[in-house]
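Peer 1: Mind having a look at this structure? Questions to follow.
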Amino acid sequence: TSRLLLAFLIAFFPIVINTAAGLTSVEEDIVRMARAYMGGRWQIFTKIRLPHALPLIFGGMKISITLAVIGVVVAEFVAAQRGIGYLIVMANGLLDTPLMMAAIVALSVMGLVLYGIVAGLERLVVYWHVPAETRSQVHLLRRVCLQLSGPVRGPPRSTVSPPNRPSC
(Lines give C-alpha, C1' and ligand atoms only; values in the text may rest on other atoms or scores of the structure.)
Protein backbone atom coordinates (compact mmCIF):
# COMPACT_ATOMS: atom_id res chain seq x y z
CA THR A 1 0.00 0.00 0.00
CA SER A 2 2.91 2.39 0.61
CA ARG A 3 4.04 1.77 -2.97
CA LEU A 4 0.65 2.79 -4.30
CA LEU A 5 0.58 5.88 -2.09
CA LEU A 6 4.01 6.92 -3.32
CA ALA A 7 2.98 6.32 -6.95
CA PHE A 8 -0.17 8.39 -6.42
CA LEU A 9 1.70 11.26 -4.81
CA ILE A 10 4.31 11.31 -7.57
CA ALA A 11 1.69 11.15 -10.33
CA PHE A 12 -0.75 13.62 -8.79
CA PHE A 13 1.17 16.86 -9.09
CA PRO A 14 2.12 16.82 -12.80
CA ILE A 15 -1.52 16.20 -13.69
CA VAL A 16 -2.79 18.96 -11.38
CA ILE A 17 -0.22 21.49 -12.57
CA ASN A 18 -0.85 20.76 -16.25
CA THR A 19 -4.62 20.85 -15.72
CA ALA A 20 -4.43 24.23 -14.00
CA ALA A 21 -2.15 25.56 -16.72
CA GLY A 22 -4.50 24.31 -19.43
CA LEU A 23 -7.63 25.70 -17.83
CA THR A 24 -6.10 29.14 -17.31
CA SER A 25 -4.39 29.38 -20.70
CA VAL A 26 -7.59 30.13 -22.62
CA GLU A 27 -7.51 33.60 -24.13
CA GLU A 28 -9.77 35.99 -22.25
CA ASP A 29 -11.19 37.33 -25.52
CA ILE A 30 -12.69 33.93 -26.26
CA VAL A 31 -14.21 33.69 -22.77
CA ARG A 32 -15.61 37.23 -23.05
CA MET A 33 -17.14 36.41 -26.42
CA ALA A 34 -18.76 33.29 -24.95
CA ARG A 35 -20.18 35.37 -22.09
CA ALA A 36 -21.48 37.92 -24.60
CA TYR A 37 -23.43 35.14 -26.29
CA MET A 38 -25.02 34.26 -22.93
CA GLY A 39 -22.73 31.37 -22.13
CA GLY A 40 -22.98 30.25 -18.54
CA ARG A 41 -20.04 29.20 -16.39
CA TRP A 42 -20.69 25.51 -16.96
CA GLN A 43 -21.03 25.96 -20.73
CA ILE A 44 -17.82 27.99 -20.89
CA PHE A 45 -16.05 25.29 -18.88
CA THR A 46 -17.31 22.32 -20.93
CA LYS A 47 -17.21 23.92 -24.38
CA ILE A 48 -14.13 26.16 -24.16
CA ARG A 49 -11.86 25.65 -21.16
CA LEU A 50 -11.90 21.84 -20.89
CA PRO A 51 -11.34 21.11 -24.61
CA HIS A 52 -8.54 23.68 -24.63
CA ALA A 53 -6.94 22.05 -21.55
CA LEU A 54 -7.22 18.41 -22.66
CA PRO A 55 -3.90 18.28 -24.54
CA LEU A 56 -2.12 19.64 -21.46
CA ILE A 57 -3.99 17.25 -19.17
CA PHE A 58 -2.92 14.29 -21.29
CA GLY A 59 0.63 15.64 -21.34
CA GLY A 60 0.56 15.58 -17.54
CA MET A 61 -0.86 12.07 -17.60
CA LYS A 62 1.95 10.84 -19.86
CA ILE A 63 4.53 12.32 -17.52
CA SER A 64 2.72 10.98 -14.45
CA ILE A 65 2.40 7.41 -15.67
CA THR A 66 6.14 7.10 -16.23
CA LEU A 67 6.95 8.80 -12.93
CA ALA A 68 4.53 6.48 -11.13
CA VAL A 69 6.39 3.43 -12.45
CA ILE A 70 9.67 4.93 -11.25
CA GLY A 71 8.10 5.73 -7.86
CA VAL A 72 6.88 2.19 -7.35
CA VAL A 73 10.28 0.76 -8.22
CA VAL A 74 12.08 3.13 -5.86
CA ALA A 75 9.62 2.20 -3.10
CA GLU A 76 10.39 -1.45 -3.78
CA PHE A 77 14.11 -0.71 -3.62
CA VAL A 78 13.71 0.67 -0.12
CA ALA A 79 11.09 -1.38 1.69
CA ALA A 80 9.67 -4.34 -0.20
CA GLN A 81 10.03 -8.09 -0.07
CA ARG A 82 8.67 -8.63 -3.58
CA GLY A 83 8.26 -6.83 -6.88
CA ILE A 84 10.52 -5.87 -9.76
CA GLY A 85 12.40 -3.27 -7.70
CA TYR A 86 13.15 -5.86 -5.05
CA LEU A 87 14.22 -8.28 -7.78
CA ILE A 88 16.70 -5.70 -9.12
CA VAL A 89 18.17 -5.13 -5.64
CA MET A 90 18.38 -8.88 -4.98
CA ALA A 91 19.99 -9.57 -8.37
CA ASN A 92 22.48 -6.79 -7.74
CA GLY A 93 23.39 -8.29 -4.36
CA LEU A 94 23.84 -11.74 -5.93
CA LEU A 95 25.81 -10.27 -8.86
CA ASP A 96 23.26 -11.81 -11.23
CA THR A 97 23.58 -9.32 -14.08
CA PRO A 98 21.31 -11.17 -16.57
CA LEU A 99 18.46 -11.25 -14.05
CA MET A 100 18.97 -7.58 -13.20
CA MET A 101 19.01 -6.58 -16.87
CA ALA A 102 15.90 -8.69 -17.55
CA ALA A 103 14.08 -6.89 -14.74
CA ILE A 104 15.17 -3.51 -16.08
CA VAL A 105 13.99 -4.45 -19.58
CA ALA A 106 10.65 -5.60 -18.12
CA LEU A 107 10.31 -2.23 -16.34
CA SER A 108 11.14 -0.37 -19.53
CA VAL A 109 8.57 -2.33 -21.51
CA MET A 110 5.97 -1.75 -18.81
CA GLY A 111 6.66 1.99 -18.84
CA LEU A 112 6.47 2.14 -22.64
CA VAL A 113 3.23 0.17 -22.72
CA LEU A 114 1.60 2.40 -20.11
CA TYR A 115 2.81 5.51 -21.94
CA GLY A 116 1.44 4.07 -25.20
CA ILE A 117 -1.95 3.42 -23.59
CA VAL A 118 -2.19 7.04 -22.41
CA ALA A 119 -0.98 8.33 -25.81
CA GLY A 120 -3.55 6.16 -27.59
CA LEU A 121 -6.28 7.39 -25.29
CA GLU A 122 -5.16 10.94 -26.06
CA ARG A 123 -5.49 10.28 -29.79
CA LEU A 124 -9.04 9.02 -29.23
CA VAL A 125 -10.20 11.76 -26.88
CA VAL A 126 -8.32 14.77 -28.26
CA TYR A 127 -8.76 13.87 -31.93
CA TRP A 128 -8.58 17.50 -33.10
CA HIS A 129 -5.13 18.17 -31.62
CA VAL A 130 -2.03 17.40 -33.70
CA PRO A 131 0.92 16.64 -31.40
CA ALA A 132 4.06 18.73 -31.82
CA GLU A 133 6.06 15.62 -32.75
CA THR A 134 3.77 14.98 -35.72
CA ARG A 135 3.93 18.62 -36.86
CA SER A 136 7.73 18.59 -36.78
CA GLN A 137 7.86 15.27 -38.66
CA VAL A 138 5.54 16.59 -41.36
CA HIS A 139 7.63 19.76 -41.65
CA LEU A 140 10.81 17.68 -41.95
CA LEU A 141 9.26 15.43 -44.61
CA ARG A 142 8.17 18.45 -46.65
CA ARG A 143 11.62 19.99 -46.41
CA VAL A 144 13.33 16.76 -47.49
CA CYS A 145 10.85 16.32 -50.32
CA LEU A 146 11.49 19.85 -51.57
CA GLN A 147 15.25 19.32 -51.38
CA LEU A 148 15.01 16.09 -53.36
CA SER A 149 12.80 17.61 -56.03
CA GLY A 150 15.17 20.52 -56.65
CA PRO A 151 14.23 24.09 -57.49
CA VAL A 152 10.87 24.58 -59.11
CA ARG A 153 10.97 26.38 -62.46
CA GLY A 154 8.01 27.87 -64.21
CA PRO A 155 4.84 29.30 -62.75
CA PRO A 156 4.97 29.58 -58.94
CA ARG A 157 1.81 27.55 -58.32
CA SER A 158 1.93 24.98 -61.06
CA THR A 159 -0.35 22.00 -60.60
CA VAL A 160 1.54 19.92 -63.16
CA SER A 161 4.59 18.09 -61.85
CA PRO A 162 7.45 17.36 -64.24
CA PRO A 163 8.22 13.67 -64.79
CA ASN A 164 10.30 11.95 -62.08
CA ARG A 165 9.65 14.76 -59.60
CA PRO A 166 7.83 13.82 -56.38
CA SER A 167 4.79 15.93 -55.60
CA CYS A 168 5.16 17.43 -52.15
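The values are calculated or read from the model by the stated rules, or taken from the named source; none is laboratory data. Nothing here was measured: the structure is a model prediction, and the numbers come from that model. When we count neighbours, we look across all protein chains shown, and the Cβ atoms used for this are built from the backbone with ideal geometry, even at glycine. Surface areas here come from the heavy atoms of the whole protein model, side chains and all, with no ligands, DNA or RNA. Shrake-Rupley method; radii C 1.70, N 1.55, O 1.52, S 1.80 Å.
Peer 1: Can you find even one residue in the range 102-116 that is outside any helix (DSSP H, G or I), open to solvent by 50 Å² or more (accessible area, probe 1.4 Å), of a type outside the set (A, V, I, L, M, F, W, C) and without any contact (Cβ under 8 Å) to a residue 24 or more places away in the chain? Talk me through it step by step, then tell me what you get.
Peer 2: The first filter runs over the range 102-116 and keeps only residues outside any helix (DSSP H, G or I), leaving none.
The answer is no, given that none of the residues of the range 102-116 is outside any helix (DSSP H, G or I), open to solvent by 50 Å² or more (accessible area, probe 1.4 Å), of a type outside the set (A, V, I, L, M, F, W, C) and without any contact (Cβ under 8 Å) to a residue 24 or more places away in the chain.
Peer 1: Does Ser167 satisfy the criteria of being under 30 Å from Ile48 (Cβ atoms) and either modelled with pLDDT of 90 or more or open to solvent by 70 Å² or more (accessible area, probe 1.4 Å) (or both)? Quick ask: steps written out before the conclusion?
Peer 2: On the way: under 30 Å from Ile48 (Cβ atoms): no; either modelled with pLDDT of 90 or more or open to solvent by 70 Å² or more (accessible area, probe 1.4 Å) (or both): yes.
In short, no.
Peer 1: How many residues are part of a helix (DSSP H, G or I) and either crowded, with 17+ Cβ neighbours inside 10 Å or among the basic types (Lys, Arg) (or both) when one looks only at the range 3-28? Give the steps one after another, and end with the answer.
Peer 2: From the range 3-28, those part of a helix (DSSP H, G or I) are 3-24, 28; that's our starting set.
Filter once more, keeping what is either crowded, with 17+ Cβ neighbours inside 10 Å or among the basic types (Lys, Arg) (or both): 3, 6-7, 10-11, 14-15, 18-19, 22.
Summing the residues that are part of a helix (DSSP H, G or I) and either crowded, with 17+ Cβ neighbours inside 10 Å or among the basic types (Lys, Arg) (or both) in the range 3-28 gives 10.
Peer 1: Output the residue which, of all residues in the range 29-45 that are farther than 17 Å from His129 by Cβ and open to solvent by less than 90 Å² (accessible area, probe 1.4 Å), is farthest from the chain's Cα centre (by Cα).
Peer 2: So in the range 29-45, the residues farther than 17 Å from His129 by Cβ come out as 29, 31-45.
Going one step further and asking which of them are open to solvent by less than 90 Å² (accessible area, probe 1.4 Å), we end up with 31, 34, 36, 39-40, 44-45.
Working: Val31: 27, Ala34: 30, Ala36: 35, Gly39: 31, Gly40: 31, Ile44: 26, Phe45: 23 Å.
So, considering only residues that are farther than 17 Å from His129 by Cβ and open to solvent by less than 90 Å² (accessible area, probe 1.4 Å), the one farthest from the chain's Cα centre (by Cα) is Ala36.
Peer 1: Exactly one condition in (1) at pLDDT below 85; (2) under 17 Å from the mean Cα position of the chain (by Cα) is not met by Leu141; state its number.
Peer 2: Just one mismatch for Leu141, condition (2).
Peer 1: Pick out the one residue from Leu50, Leu99 that is more than 29 Å from Pro14 (Cβ to Cβ) and touching a residue at least 12 places away in the same chain (Cβ under 8 Å). Lay out the reasoning, then the answer.
Peer 2: Numbers: Leu50 fails: more than 29 Å from Pro14 (Cβ to Cβ).
On inspection, the qualifying residue turns out to be Leu99.
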